[in-house]
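Here is the structure we will look at.
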Amino acid sequence: MTLFQKKRRNILPGFGLSMGYTVFYLSAIVIVPLSMIFFNTIPMGWEPFIHAVTAPRVLASYRLSFSTALFAALFDAIVGLLTAWVLVRYRFPGKQFLDALVDLPFALPTAVAGICFATLYSPVGWLGETLAKWNIEIINSPTGIVVALIFIGFPFVVRTIQPVLEEVEQEIEEAAQCLGATRWQTFRKILLPHLFPALLTGSTLAFARGIGEYGSVIFIAGNLPMKTEIAPLMIMSKLDQFDYAGASAVALVLLLISFSMLLLLNAVQEWQQKEYR
Amino acid sequence: MSIELQNITKKFTGYTALDNINLNVASGELVALLGPSGCGKTTLLRIIAGLELPDSGKIILENKDTTNLPPRKKNVGFVFQHYALFRRLTVFENVAFGLKVLPMRERPSRSAIQERVEHLLKLVQMDWAIKRYPSQLSGGQRQRVALARALAVNPKVLLLDEPFSALDAKVRQELRRWLRKLHDEIHVTSIFVTHDQEEALELADRIVVINKGRIEQQGTPQEVYDHPVNAFVYNFLGNVNVFHGRIKNGKVSLGTHHVDAPDELKNTEERASQAFVRPHEIGISRIRSAESDLAGTIQEVRIMGGQIGLNLACEGFEHPIDAEIPRELYLNLQLAKGEKVFVSLNRVRVFTGDYEI
């Protein structure tokens, strides 16, 4: 009897089945493939592992990947917020077209984006030619990588903010205005705190995506050792040299950093939500 | 702080929300804008607050034309139907918001803000919740906080848009009385919008009845209730029995029954008329006391608390008549479904014209 009483009744049926299904699929799709990185790395031993992931070229690639992804994510946060604002708040002809355009970086093969950038910013390209006059180099420089990553990460920010912004009741802003707040004060003190979690999620996703981005970047970065080699490229070049263990060592570090970042983000959001819910 | 509305007109695509509204509100008055939903009352309130611009007309607050001022410069307090509290701010921060956004030189000191917020929260009996978030409060409590927030900036005028309609009946009544008391204490000129005639009658100094973008009647609750100027107002202010008939030779027909026409309609030519009788203005007895009494049968008995509702089928009347009698009378007469009674229409109001209800 006690056994049955212990079992908590839930209105939603099928918890056991659906949970089992979820765990199985997450395992099959995410955990099992990723764990291969661990198993590939373990036979390597500790010293060679440290040696592989702290080689100057590898460290430089980590630095480059993280710094460019960070810049791109910050930029996306601002521009993405603005775009989401325009798409939610205003009505104008061609709005749906613009809305669809936002998703393009999601859908486009990244290599296509890479080629576009390479031709646009090349010293004879439309923009590259003009920029070259001012001695601004996009191709073969970290700036180019940031440009590519901005493009790739942009929809993440827009698409996470959009629904939250749509949810904000007009009355909230009207209330702030009636209390004497300017548009800017209303935005800064009321709207921004409201949008912040979504903004954080969106830009973290853009950041995480930026670290992993390969296709569009290698076309534009020039891949100069110590200067414009991104971390995923290091993995690629190690694989080219049949250094599978070395490649998975680099990959493991990337994986750990990305995962701990997402974990941190979740913690921050949890803490944010706790207070006022 | 007096409010003067002159010829306010507002059209939305396809219909006229407000049609040439003129209204004066004296300083310290508590006025109810009463009307069915969609009659334009909320639009009018939003226009006064500056949240909406009129197509034409003027809004004058204390002899100053404020028609084109943005809401933040109007210095009106606005209380929304769904509270519109800032979810991410505590109760304290919510109430302090209006003070904290003031320009640097007008902003009170930190301690003055603290003091003012505490005072206001005490006034609305919410001082215990100063550190809470809106989501931790009930609807009635949220609306009190919203009121304190609106009062924090010392508004010239307090505007309330159906402030109690999202609350349940018991809380609604409690808050209503409490607001009346509060208004008697602080005397800020207030306008509230409601579709609930009981709320308007109980709370307001003056009622403005609005229908289809026009003011039908304004006056004290007593005046409006006792002397409605037309069928709409009469009908809107409470339950009624409507009798469609004709007026002829100084007599009004209700079914096969006739009553004397009111003095002002004694001499009109024959025309359609409507007679109204409120359920509580109908007398019920076991014996015929006057020739005009109607013979009826009780079809249905509804227990409504202190009052008993009767649904009566009367001879010569197409539709059943609703009556309300005190519980004691009901018990004394030992009434029940199917019993025969005599019905007297004690107070009949007659309006002419083909007013649609």
Whether any residue in the stretch A:255-267 is more than 20 Å from A:Thr160 (Cα to Cα) and surrounded by 21 or more Cβ atoms within 10 Å (Cβ to Cβ) is what I want to check. no
Is one or more of the residues making up the stretch A:266-273 among the hydrophobic types (A, V, I, L, M, F, W, C) and at pLDDT 85 or above? yes
Of everything in the stretch B:92-101 that's in contact (Cβ under 8 Å) with a residue 12 or more places away in the chain and within 11 Å of chain A (Cβ to nearest Cβ), which residue is farthest from B:Leu123 (Cα to Cα)? B:Lys100
In this structure, does A:Ile115 turn out to be surrounded by fewer than 19 Cβ atoms within 10 Å (Cβ to Cβ), modelled with pLDDT of 85 or more and in contact with a Phe, Trp or Tyr (Cβ under 7 Å, 6 or more places away or on another chain)? yes
Looking only at the stretch B:203-248, which residues are among the β-branched types (Val, Ile, Thr) and touching a Cys at 6+ places or on another chain (Cβ under 8 Å)? B:Ile210
Of the candidates B:Gln173, B:Gln218, the one satisfying the condition of being farther than 26 Å from B:Lys64 by Cβ and either assigned by TED's automatic domain parsing to the domain that holds B:Pro103 or at pLDDT 90 or above (or both) is B:Gln173
Could you tell me which numbered condition A:Phe66 fails, if it satisfies all but one of (1) hydrophobic (A, V, I, L, M, F, W, C); (2) more than 27 Å from A:Asp243 (Cα to Cα); (3) under 17 Å from the mean Cα position of the chain (by Cα)? (2)
Being outside any helix (DSSP H, G or I) and within 30 Å of B:Arg46 (Cβ to Cβ) narrows it down to one residue among A:Ala181, A:Ala175; which is it? A:Ala181
Out of A:Ala132, A:Ala107, I need the residue that is of a type in the set (A, V, I, L, M, F, W, C) and at pLDDT 85 or above. Which one? A:Ala107
Given (1) outside any helix (DSSP H, G or I); (2) crowded, with 23+ Cβ neighbours inside 10 Å, where does B:Leu167 come up short, assuming only one miss? (2)
Any residue at all in the stretch B:37-47 that is facing another protein chain (nearest Cβ under 10 Å) and surrounded by fewer than 19 Cβ atoms within 10 Å (Cβ to Cβ)? no
List, please: which pairs have Cβ atoms under 7 Å, are six or more places apart or on different chains, and start with a residue in the stretch B:118-139 that is within 16 Å of B:Leu151 (Cβ to Cβ) and touching a residue at least 12 places away in the same chain (Cβ under 8 Å) and end with one that is aromatic (Phe, Trp, Tyr) and part of a helix (DSSP H, G or I)? B:Ile130/B:Phe92
Boolean, A:Ala206 is in a helix (DSSP H, G or I), at pLDDT 90 or above and buried (at least 21 other Cβ atoms within 10 Å of the Cβ): yes
Between A:Thr160, A:Thr130, which is within 22 Å of A:Gly210 (Cβ to Cβ) and without any contact (Cβ under 8 Å) to a residue 60 or more places away in the chain? A:Thr160
By residue number, the members of the stretch B:51-91 that are in contact with a strand residue (DSSP E or B) (Cβ under 8 Å, 6 or more places away or on another chain), within 8 Å of chain A (Cβ to nearest Cβ) and among the aliphatic types (A, V, I, L, M) are B:Leu51, B:Val76
Hey, any hits in the stretch A:151-174 for a residue that's small (Gly, Ala, Ser), out of contact with any His (no Cβ under 8 Å at 6 or more places or on another chain) and within 9 Å of chain B (Cβ to nearest Cβ)? no
Just checking, does the stretch B:123-141 include any residue being away from chain A (no Cβ under 14 Å) and β-branched (Val, Ile, Thr)? yes
Pairs returned, first residue in the stretch B:212-223 that is touching a residue at least 24 places away in the same chain (Cβ under 8 Å) and polar (S, T, N, Q), second residue that is assigned to a strand (DSSP E or B) and crowded, with 19+ Cβ neighbours inside 10 Å, beta-carbon separation under 6 angstrom, 6 or more apart or interchain, are B:Gln218/B:Val208
Members of the stretch A:208-230 found to be over 15 Å from the mean Cα position of the chain (by Cα) and closer than 28 Å to A:Ile42 by Cβ, listed by number: A:Glu229, A:Ile230
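The values are calculated or read from the model by the stated rules, or taken from the named source; none is laboratory data. Predicted, not measured: the structure shown is a model, and the values here were computed from it. Virtual Cβ from ideal backbone geometry, glycine too; neighbours counted across all protein chains shown.
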